[in-house]
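Written out below as structure tokens is the structure these notes cover.
The values are calculated or read from the model by the stated rules, or taken from the named source; none is laboratory data. The model shown is predicted, which means the values in this text are computed figures rather than measured ones. Backbone-built Cβ (ideal geometry, glycine too); neighbour counts: all protein chains shown.
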Amino acid sequence: MRIRPARAEDAALLLELRNDPDTRRSSVHTGVVTEQEHRAWLQQSLTRTDRMLLIAEQDGAPIGTVRFDLEEPETWELSITLAPDRRGHGRAGPVLQAAQDYLTEQRRVRSIRARVRTGNTASLALFARAGYRRYRAEDGFVLLELAC
Ligand SMILES: CC(C)(COP(=O)(O)OP(=O)(O)OC[C@H]1O[C@@H](n2cnc3c(N)ncnc32)[C@H](O)[C@@H]1OP(=O)(O)O)[C@@H](O)C(=O)NCCC(=O)NCCS
């Protein structure tokens, strides 16, 4: 398993992951994203210094994505998505760990936060096992934080 930065050629993969029904249900914005909206978003995301968009690969094939957004100095909010056919096999923990390692090697990081829907059992289990602590609940989401 390896982590690499996303590229423009990952557009189709990232859009597919974003529009997957389970991903949308777990997202803050649940609507379908159009190809045009996605292209503009990706182009901007690849140049922003306050965002890190990563692809997780296993045996050379993409299996998911992790996005980090700078929320406040040295504090990043993350979002993780595995490809639907890769879910439920214990791969999320290693992907999360590798992405965190990638971020902390590249940037100064004091803490990493995640915003998870209260009913997203797999995600809550993933973050609990990875050492994230709940610090707030709001509007159907639990806010979690890992001190680095
Ligand atoms: C959240 C996500 C990354 C987790 O990946 P996954 O492959 O499903 O999870 P894993 O198989 O690695 O398991 C992670 C934990 O969730 C548990 N789990 C997995 N599927 C579950 C399910 N359907 N119900 C309950 N628990 C579940 C596992 O037992 C494991 O817990 P453990 O380590 O205590 O045993 C993946 O489901 C996904 O991409 N979902 C859509 C996007 C999303 O919800 N992202 C999170 C928002 S930040």
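Worth a mention:
- Residue, farthest from the ligand (Cβ to nearest atom), within segment 82-105, restricted to residues that are charged (D, E, K, R) and assigned to a loop (DSSP other than H, G, I, E, B): Arg91
- Taken over segment 38-71, residues that are more than 11 Å from the ligand (Cβ to nearest atom) and within 23 Å of Arg115 (Cα to Cα) amount to 18.
- Top-ranked residue of segment 1-23 - restricted to ones that are in a loop (DSSP other than H, G, I, E, B) and surrounded by 14 or more Cβ atoms within 10 Å (Cβ to Cβ), ranked as nearest to the ligand (Cβ to nearest atom): Asp20
- Within segment 106-137, restricting attention to residues that are in a strand (DSSP E or B) and within 11 Å of the ligand (Cβ to nearest atom), the residue that is nearest to Trp76 (Cα to Cα) is Arg113.
- Screening Ser26, Ser45 for residues that are of a type outside the set (D, E, K, R), at pLDDT below 95 and surrounded by 14 or more Cβ atoms within 10 Å (Cβ to Cβ) leaves exactly one candidate, Ser26.
- Residue that is among the aliphatic types (A, V, I, L, M), in contact with a Pro (Cβ under 7 Å, 6 or more places away or on another chain) and buried (at least 20 other Cβ atoms within 10 Å of the Cβ), where the choices are Leu54, Leu96, Leu78, Leu82: Leu54
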